[in-house]
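For reference, the structure discussed in these notes is given below.
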Amino acid sequence: MVGIPAFFVDPVCVDELTEVAHYTGFAPFRRLSQFHALNQKAVAKRFAKEHGKNYEDLNLIVCHLGGGVSVGAHCHGSVIDTQNALDGDGPFSPERSGSLPTGQLVKLCEQELNWKKPTTYTVLLCCSGKYTETELNRMLSGRGGLVAYTGSNDMRYLLAEAEHDKKIAGVVEAFHYQIAKEVGAMAVVMKGKVDQIILTGGIAYGKETVNAISAMVDWIAPITVYP
């Protein structure tokens, strides 16, 4: 604003998506890049340094596995595709719902709009007494994902319970499945030219999770784990 160059170094979030990755399928909505940029960038650069390479010369898929889950396609130093992991996109996580069937979400809400003489353009969240806007937001982020299915966001507890509880085992399997599927999508973004897959975040301490995801994606590229 005052004519002085400003540089942001290691921002919490950054948008490096290609333009085609911003399309959603509904013109008023634009896909947002909200992922775990600090950790994803850090472990990607760590991998490059440990292998005597430049981050800008590599194609990496980085999976952050924590309270939120994000999967990024790091193509020659830029995250060209990822999810809005904060606000309803991609795999579900311990506390976030991820992508949901929009038609079913609409049915939870009342659209209190006079269709004959609309005065404003509204989308979804004119809510019934059952679901307030705050409650719906909490459903998407805070009370979604593993919490919604099991009541717990503690992956260590859920992995232990999954050994003898079929319901929890099914939810844990779906958690791993959705993450692996997103890794496959990011591989497509980079046309199959992937140098390494990196698993990071607190949940990457869990050998069961690492093994389950690795079994589905290790044909794409070698896997490194940085919990």
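Observations on the structure shown:
- Looking at the chain, the accessible area is 58 square angstrom per residue; that uses a 1.4 Å probe and ignores ligands, DNA and RNA.
- Net charge over other residues, Cβ less than 15 angstrom from the Cβ of residue 208 (K, R count +1; D, E count -1): -3
- Take the Cβ atoms of residue 99 and residue 51, set R0 to 35 Å, and the FRET efficiency comes out at 0.55.
- For the chain, with +1 on Lys and Arg beta carbons and -1 on Asp and Glu, the positive-most of 18, 8, 186 along the dipole: 18
- Here the dipole of the chain is about 280 debye; that uses its Cα centre as origin and unit charges on the Cβ of Lys and Arg (positive) and Asp and Glu (negative).
- Solvent exposure, largest accessible area first (probe 1.4 Å, DNA, RNA and ligands not counted), of 197, 4: 4, 197
- Axial C-alpha extent at least 27 Å, average Kyte-Doolittle at least 0.5 - helices from the chain (DSSP): 166-189
- Global form of region 173-225, assessed from the alpha-carbon gyration tensor, a/c cut-off 1.5: prolate
- Loop-located GluC sites (Glu not before Pro) across region 132-227 with a Cβ neighbour count of 11 or fewer within 10 Å are 163, with loop assigned by DSSP.
- Accessible area of the chain belonging to carbon and sulfur atoms, whole % at 1.4 Å probe: 56 percent
- The residues packed around residue 13, meaning those with a beta-carbon under 12 Å from its beta-carbon, carry a net charge of -3 if Lys and Arg are +1 and Asp and Glu are -1.
- Largest first, the residues 81, 57 sort by 1.4 Å accessible area into 57, 81.
- For region 136-219, trypsin sites (Lys or Arg not before Pro) meeting the loop criterion (DSSP other than H, G, I, E, B) and having at most 12 other Cβ atoms within 10 Å: 191, 193.
The values are calculated or read from the model by the stated rules, or taken from the named source; none is laboratory data. Because the structure is predicted, anything quoted here is derived from the model rather than measured. Here the Cβ is made from the backbone with ideal geometry for all residues, glycine too, and neighbour counts use every protein chain on show. When the accessible area is computed, the model is the full protein with side chains, heavy atoms only, and any ligands, DNA or RNA have been set aside. Shrake-Rupley method; radii C 1.70, N 1.55, O 1.52, S 1.80 Å.
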